[in-house]
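Enquirer: Dropping a structure here in structure tokens format, bear with me for questions.
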Amino acid sequence: SRTHRIAVLAGDGIGPEVMTESLRVLDAVEAKFGFTTERNEQLVGGAAIDASGHPLPPATVEACEQADAILFGSVGGPKWEGLPPEIQPERGALLPLRKHFGLFANLRPGVCLPSLTHASPVKNELIPHGFDVLCVRELTGGVYFGTPKGREVREGEVTAFDTMVYKVSEIERILRVAFTAAMGRGKKLVSVDKANVLASSVLWRETAVEIAKEFPEVELSHLYVDNAAMQLVRRPDSFDVLVTENLFGDILSDEMAMISGSLGMLPSASLGGKKEGSDLYFGMYEPSGGSAPDIAGQGIANPIAQILSAAMLLRYSLGESKAADAIDAAVARVIDEGYRTGDIATGAASEKKVGTREMADAILAAL
Ligand code: NAD
Ligand code: IPM
Ligand code: MN
């Protein structure tokens, strides 16, 4: 049977809790669709700091290099916030992994299933068909990685600085990903920038207009990021695909997650180039949310973002699209059947209130 290799990095907080459930779901689709994943589980983030003093040990990078894809949980938490920023879980493990593997395209599908619209804080008449927007976030550039970055004394005062920087080639490649995605969907692309203030955004907008010529069927429009944040809650139904730089995408994708009901529902795929001679990508797959220290250890986190991330891994990195479709369908079914973790529960009598494990059990039963 077909065998694939994946690196499994559960990380911190709710990471291990939701990872366990996504691996059970993988077991089930492997049995059903006749393939196997060889899983190399490694430490990352705070868990790795505690074990080895480093958030991204060499063995973890090696496991990722040998794999077809990475399934990632989440990293970080109050325990490690006092460490020097460079070795904290986020800046010492997550960002270096993205950079090391050139994962410049972060796809975050914000989907609110019609039966979950009541869990969305957006007025339900504004999302008559639910909500289905793909956020394409640039992931290896911008103010996250630009230099100079740091802190020094200037004119006798402590001063900190970051640099938002984009090369035209970096903008072109992420725009091509977004236009291509729009071609496969509703053919509407909104490019989000701050071209009224930022030089990098002026280049971003010019480049978007240029790349649009390669995709004449796609209707391109531009929004300033502040207006985009507002329009997402004012007319959520009018968006199809949204493309933006790293920091704006970080912020807008959390907003989109909430419109979809909860951060616990939003998966993500971080992709680089295609593998040689193949239509598949090396990628890292993780929930868009974090380690949720406020609910960690209680067995109440929503595992769906992690489970849907595993489905994206099957689709984009392993070519197991039937298994991916089956997971998506099973998740939709349990939502329709009323299964609700705390983050998406509204207290309605028809809801079946469940914890992390029971939600996964319901998804397994639906499979
Ligand atoms: P967070 O995403 O961890 O949590 C924000 C809110 O969403 C919390 O109330 C949390 O309970 C809720 N939430 C998130 N996922 C949920 C789920 N699956 N089910 C139910 N509720 C869920 O953001 P934060 O609190 O700002 O950050 C906590 C830590 O996570 C920080 O150290 C941060 O840097 C880190 N973080 C890591 C990642 C990652 O590893 N990819 C992403 C975001 C934040
Ligand atoms: C995300 C997270 C990360 C980001 C943090 C933890 C570095 O918020 O994946 O959205 O900002 O990219
Ligand atoms: Mn984020």
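The values are calculated or read from the model by the stated rules, or taken from the named source; none is laboratory data. Computed from a predicted model, the values in this text were never measured in an experiment. Reconstructed Cβ throughout: ideal geometry from the backbone, glycine too, with neighbour counts over all protein chains shown.
Enquirer: Mind checking which residues of region 213-240 are closer than 16 Å to Leu175 by Cα and assigned to a strand (DSSP E or B)?
Expert: Hits for region 213-240 are Glu219, Leu220, Ser221, His222, Leu223.
Enquirer: Name the residues in region 183-203 that are closer than 16 Å to Leu107 by Cβ, in a loop (DSSP other than H, G, I, E, B) and among the small types (Gly, Ala, Ser), would you?
Expert: Gly184, Gly186
Enquirer: Continuing with the same structure: Just a yes or no: is a residue in region 109-132 small (Gly, Ala, Ser), in contact with a Ser or Thr (Cβ under 7 Å, 6 or more places away or on another chain), over 20 Å from Leu189 (Cα atoms) and at pLDDT 95 or above?
Expert: no
Enquirer: Another question, then. State all residues of region 64-106 that are exposed (fewer than 15 other Cβ atoms within 10 Å of the Cβ), within 13 Å of ligand 2 (Cβ to nearest atom) and under 20 Å from Leu263 (Cβ atoms); if no residue qualifies, say none.
Expert: Correct list: Glu81 only.
Enquirer: Just the residues that are assigned to a strand (DSSP E or B) and either within 11 Å of ligand 1 (Cβ to nearest atom) or more than 16 Å from Glu65 (Cβ to Cβ) (or both), please, taken from region 263-289.
Expert: Ala269, Ser270, Leu271, Lys274, Met284, Tyr285
Enquirer: Here's something else I'd like to know. I need a count of the residues in region 74-100 that are at positive phi and more than 11 Å from ligand 1 (Cβ to nearest atom).
Expert: Count: 0.
Enquirer: Another question about this same structure. Return the residue satisfying two criteria in turn: it lies in region 273-318 and is of a type in the set (D, E, K, R) and out of contact with any helix residue (DSSP H, G or I) (no Cβ under 8 Å at 6 or more places or on another chain), and of such residues it is nearest to ligand 3 (Cβ to nearest atom).
Expert: Asp294
Enquirer: Now for a separate question. Please specify each residue of region 241-257 satisfying the condition of being over 12 Å from the mean Cα position of the chain (by Cα), part of a helix (DSSP H, G or I) and among the charged types (D, E, K, R).
Expert: The answer is Glu255, and nothing else.
Enquirer: Being closer than 20 Å to Val8 by Cβ and within 16 Å of ligand 1 (Cβ to nearest atom) narrows it down to one residue among Ile295, Ile300, Ile304, Ile344; which is it?
Expert: Ile304
Enquirer: Please specify each residue of region 1-26 satisfying the condition of being over 14 Å from Leu71 (Cα atoms) and out of contact with any Pro (no Cβ under 6 Å at 6 or more places or on another chain).
Expert: If the condition is that a residue be over 14 Å from Leu71 (Cα atoms) and out of contact with any Pro (no Cβ under 6 Å at 6 or more places or on another chain), then Ser1, Arg2, Thr3, Ile14 are the ones that fit.
Enquirer: Right, Gly130: in the same structural domain as Leu252 (by TED's automatic domain parsing) and more than 20 Å from Gly261 (Cα to Cα) or not?
Expert: no
Enquirer: If a residue must be surrounded by 20 or more Cβ atoms within 10 Å (Cβ to Cβ) and more than 10 Å from ligand 2 (Cβ to nearest atom), how many such residues does region 242-257 contain?
Expert: Final tally of qualifying residues: 7.
Enquirer: For region 265-302, which residues satisfy the criterion of being hydroxyl-bearing (Ser, Thr, Tyr), crowded, with 24+ Cβ neighbours inside 10 Å and out of contact with any Phe, Trp or Tyr (no Cβ under 8 Å at 6 or more places or on another chain)?
Expert: Selection gives Ser288, Ser291.
Enquirer: Just one of Ser350, Ser260, Ser317 is crowded, with 18+ Cβ neighbours inside 10 Å and either within 15 Å of ligand 1 (Cβ to nearest atom) or over 17 Å from the mean Cα position of the chain (by Cα) (or both); which is it?
Expert: Exactly one residue qualifies, and that residue is Ser260.
Enquirer: Moving to a separate point now. Please go through region 159-176 and give me each residue that is of a type in the set (A, V, I, L, M, F, W, C) and crowded, with 19+ Cβ neighbours inside 10 Å, ordered by number.
Expert: Ile171, Ile174, Leu175
Enquirer: Please give the strands (runs of 3 or more DSSP E) falling wholly within region 107-182 in which 2 or more residues are more than 20 Å from the chain's Cα centre (by Cα) and more than 16 Å from ligand 2 (Cβ to nearest atom).
Expert: Answer list for region 107-182: 150-154, 157-161.
Enquirer: Step by step: first the residues of region 27-42, then only those that are among the β-branched types (Val, Ile, Thr) and farther than 14 Å from Ser321 by Cβ, then the one that is surrounded by the fewest Cβ atoms within 10 Å (Cβ to Cβ). Which residue is that?
Expert: Result: Thr36.
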